[in-house]
Amino acid sequence: MNLIKQAQKGELPQNKVLVPAEEGGTVTSDDGNLTLEIPAGALDSDTEIAVSYAESEELPESLREIEGAGPGYHLQPDGLTFNDPVTVSLDLAPMDCSFRFTKRQFIRMVEQL
């Protein structure tokens, strides 16, 4: 079963962290390459946040269209908004960064986050 179907059934294997709204916290993907840092007050209430690796074929079509783009990450819960900016860090060292994309593709990629 692919990761998207597992997520829809609530069975997604992932690093899930309960982030206290008053304290904030850090969530790291299961492969250790993506980190989401959430500052104190960025959440309305204590929230379970999950970050999991996603194969390229499991990404939205708009992201798969980017020439040479590889795997990505699924962040949950879907639709979560933050009161303050959060920091997303991606360790590119283990990845092949030889992809090219147009400005429009880049904007679509960022809009998907």
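State all residues of segment 8-22 that are assigned to a loop (DSSP other than H, G, I, E, B), surrounded by 12 or more Cβ atoms within 10 Å (Cβ to Cβ) and either acidic (Asp, Glu) or modelled with pLDDT of 80 or more (or both); if no residue qualifies, say none. Answer for segment 8-22, where residues must be assigned to a loop (DSSP other than H, G, I, E, B), surrounded by 12 or more Cβ atoms within 10 Å (Cβ to Cβ) and either acidic (Asp, Glu) or modelled with pLDDT of 80 or more (or both): Pro20, Ala21. Taking residues in segment 64-92 that are on the phi > 0 side of the Ramachandran plot and modelled with pLDDT under 80, and partners anywhere that are loosely packed, with under 11 Cβ neighbours inside 10 Å and among the aromatic types (Phe, Trp, Tyr), not one pair has Cβ atoms closer than 7 Å while being at least 6 places apart or on different chains. Within segment 23-31, identify whether any single residue is over 14 Å from Val88 (Cβ atoms) and at pLDDT below 85, and answer yes or no. Taking every residue of segment 23-31 in turn, at least one turns out to be over 14 Å from Val88 (Cβ atoms) and at pLDDT below 85.
The values are calculated or read from the model by the stated rules, or taken from the named source; none is laboratory data. Predicted model only: the values in this text are computed from it and were never measured. Reconstructed Cβ throughout: ideal geometry from the backbone, glycine too, with neighbour counts over all protein chains shown.
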